[in-house]
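Chemist: One structure, pasted below without further comment.
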Amino acid sequence: MLLRPGEAHSNRLIMIIGRLSNLRVDIHEKILTCNREIISVASSIEADLVAWLAALPPDFTYETHIKSPYDFMFQERCSGLTPYDDKYYEYPSLWVCNTWNQYRSARIMVSEIILSHIRKLSESSSIRLLS
């Protein structure tokens, strides 16, 4: 199957997220119990996410805007809703926006897995073993 560059890039992200899902199942089902092994697998997924980000094609570029308090057109368009911290992003398509949300969610989950298992490791080990 031939995919356009943006589609192929999104497909790579889905494959990485699939690995993350498998890791989460393996942790939940106690297939993986060794904290070091879990951290190693999660770190590999994190590295793949960073590589995915580094290879972004131009169609994934979005714009960051800061809303002025005097931007009455914005307030009218958004029915009075205001963005958090007056910052909002404009994506070229809903598909690109969704892809970015998937990427960010995956990064949050991987970080949570790594941090929680480092914490478990630090509670059961001396500082010398953690290095």
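The values are calculated or read from the model by the stated rules, or taken from the named source; none is laboratory data. Quantities reported herein were computed from a predicted structural model and do not represent experimental measurements. We place every Cβ from the backbone using ideal geometry, glycine too, and count neighbours over all the protein chains shown. For the accessible areas, the whole protein counts, side chains as well, though only heavy atoms, and no ligand, DNA or RNA atoms are used. Shrake-Rupley method; radii C 1.70, N 1.55, O 1.52, S 1.80 Å.
Chemist: How long are the semi-axes of the equivalent ellipsoid of segment 11-70, taking √(5λ) for every eigenvalue λ of the Cα gyration tensor, in whole Å from largest down?
Modeler: Working: eigenvalues 220, 45, 23 Å².
Value: 33, 15, 11 Å, ordered largest first.
Chemist: Grab the Cα-Cα distance for Ile31 and Glu90, subtract it from 0.36 nm times how many residues apart they are, and report the gain in nm with one decimal. Could you put the intermediate results ahead of the total?
Modeler: Values: separation 59, 0.36 × 59 = 21.24 nm, distance 4.17 nm.
Full-extension gain reported as 17.1 nm.
Chemist: Between beta-carbons, use under 12 Å as the cut-off and find the net charge around Asp26, counting Lys and Arg +1, Asp and Glu -1.
Modeler: +1
Chemist: Separate question: Relative to the longest principal Cα axis of the chain, at what angle does helix 35-54 sit, 0 to 90 degrees, rounded to 10?
Modeler: Long axis of 35-54 versus the principal axis of the chain: about 30 degrees.
Chemist: Also, I was wondering about something else. Quick one: accessible area per residue over segment 3-98, 1.4 Å probe, rounded to a whole number of Å²? If you can, show how the numbers build up before the last one.
Modeler: Working: 6610 Å² over 96 residues.
Averaged over the residues of segment 3-98, the accessible area is 69 Å².
Chemist: Kindly report, to the nearest 10 Å², the accessible surface of Glu29 as traced by a 1.4 Å probe over protein heavy atoms only.
Modeler: The accessible area of Glu29 comes to roughly 110 Å².
Chemist: Let me ask you something else. Counting pairwise Cα distances across segment 41-107, what percent come out greater than 16 angstrom?
Modeler: Values: 1323 of 2211 pairs.
Tail fraction, whole percent: 60.
Chemist: Can you sort Lys67, Lys120 by 1.4 Å-probe accessible area, starting with the largest?
Modeler: On the way: Lys67 15, Lys120 100 Å².
Sorted descending by solvent-accessible area, the residues read Lys120, Lys67.
Chemist: May I pose another question? Angle between the Cα long axis of helix 94-124 and the longest principal axis of the chain, 0 to 90 degrees, nearest 10?
Modeler: With both axes taken from Cα atoms, the answer is about 30 degrees.
Chemist: Still on this structure, please answer the following. Quick one: angle between helix 5-28 and the longest Cα principal axis of the chain, in degrees between 0 and 90, rounded to 10, please.
Modeler: Helix 5-28 sits roughly 40 degrees off the main axis of the chain.
Chemist: Two decimals is fine: what's Rg over Rh for the chain, C-alpha atoms, Kirkwood radius as Rh? Don't skip to the answer; put the middle values down first.
Modeler: On the way: Rg = 19.6 Å, Rh = 17.6 Å.
Taking Rg over the Kirkwood Rh, I get 1.11.
Chemist: Suppose the chain between Glu76 and Arg24 were pulled fully straight at 0.36 nm per residue; how much longer would it get relative to their current alpha carbon spacing?
Modeler: So the chain would gain 14.4 nm between Glu76 and Arg24.
Chemist: Separate question: What residue among Ala106, Ala42, Ala51 has the largest mean-square fluctuation in a Gaussian network model of the chain, using Cα springs under 10 Å?
Modeler: For the chain, modelled as a Gaussian network with Cα springs under 10 Å, the answer is Ala51.
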